[in-house]
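What follows is a set of notes on a single structure, which appears directly below.
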Amino acid sequence: MARFSGAIYLGPPRGYGKSGATKMYVAIHNTANDATPKAEANYAMNRTDSVSSHFYADPVTVVQSLDTSLDAWHAGSRTGNSRAIAWELVGGNAWTEAYWRKVIDRIAPVLAQVCKVHGITPQFLTTAQARDGKTTGFVTHNDMRIAWGGTTHTDPGPNFPKAYLVEAVKRAMAVDAPTEVIPPVKPAPVPTPVPKPAPAPSTDWTVKLIMSLPTLRVGAKGQVVKNVQGLLNAHGYRLTVDGDFGPATDKAVEAFQRARRLTPDGVVGPATYTALIVR
């Protein structure tokens, strides 16, 4: 559930829906009484007509009553209930603009967060914009009555300062998420390469010997083949030391390579020489 900074949570109300519809509008109502936001939220949890709202507010307190992804039952129309996030502001249609400005000053930081989360533009919509189903923005209960029907309510009344609400929310949105200035990253200095010292000459005679030996495979002949046959015999194989790298020698080489976990390819190279001589 999305919780918003600056609002306390007291809910959920008894009646609400789960249409999953994208929220496109912020709906402004008044409560037509002077009960506190907490009292209104408590009443919503028990009222038998199931009327509900996402938020209740006055100049001091903002109460969140319902997750803004769910549907409050506040508008009288399917569009308003499923698409609008409802704000019930404590007061009546005849209450003064000065009072409403105090309420707006309190709700603007919270409403700015709601707009950001749901991608709602802070602007009051015309009837045509409300009906087009494409334009996001703010509507009053009276605006919903005209655009979508389903109610006779005309709140929040003629003294409610729409332009003041829009500007307050815009300011709060700008303050709430200032543009992050990222300083340019200085490239890391390129270290001066340190020449690697030449490897010291090896003093291991076996390394010199192995690196100087020719690679042998089937068909090879000569003294080096005799040497390999003698080494294989020293490891338990029974070859005729004749200097001919034939099938028997090939079979013995592969068996030796498998025993020493080398690739059993029958080719005597540095790895096989090392295993024969050193191990």
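The values are calculated or read from the model by the stated rules, or taken from the named source; none is laboratory data. Predicted model, so just to flag it, every value in this text is computed and none were measured. Note: ideal-geometry Cβ built from the backbone for every residue, glycine included; neighbour counts use all protein chains shown.
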Residue count, the range 93-105 (criterion: without any contact (Cβ under 8 Å) to a residue 60 or more places away in the chain and surrounded by 20 or more Cβ atoms within 10 Å (Cβ to Cβ))
1
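Based on what the data block shows, is G150 at positive phi, touching a residue at least 24 places away in the same chain (Cβ under 8 Å) and touching a Leu at 6+ places or on another chain (Cβ under 8 Å)?
No, not satisfied.
Please verify whether A108 is under 29 Å from the mean Cα position of the chain (by Cα) and of a type in the set (G, A, S), treating the condition exactly as stated.
Working: under 29 Å from the mean Cα position of the chain (by Cα): yes; of a type in the set (G, A, S): yes.
In short, yes.
Listed here are the residues, each with its yes/no results for (1) under 17 Å from A27 (Cβ atoms); (2) touching an Asp or Glu at 6+ places or on another chain (Cβ under 8 Å); (3) at pLDDT 95 or above.
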position: T151; (1), (2), (3): yes, no, yes
position: P156; (1), (2), (3): yes, no, yes
position: L165; (1), (2), (3): yes, no, yes
position: K170; (1), (2), (3): no, no, yes
position: V175; (1), (2), (3): no, no, no
position: P183; (1), (2), (3): no, no, no
How about the range 43-142: which strands (runs of 3 or more DSSP E) wholly inside it have at least 1 residues that are polar (S, T, N, Q)?
62-64, 137-140
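Quick one: which of D155, D143, D105 is among the charged types (D, E, K, R) and closer than 17 Å to V60 by Cα?
D105
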Within the range 21-53, how many residues turn out to be touching a residue at least 40 places away in the same chain (Cβ under 8 Å) and not hydroxyl-bearing (S, T, Y)?
14
Would you check if G6 is among the small types (G, A, S), within 26 Å of K134 (Cα to Cα), touching a strand residue (DSSP E or B) at 6+ places or on another chain (Cβ under 7 Å) and surrounded by 14 or more Cβ atoms within 10 Å (Cβ to Cβ)?
no
Considering only residues that are out of contact with any strand residue (DSSP E or B) (no Cβ under 7 Å at 6 or more places or on another chain) and part of a loop (DSSP other than H, G, I, E, B), which ones fall in the range 22-42?
T22, M24, A32, D34, A35, T36
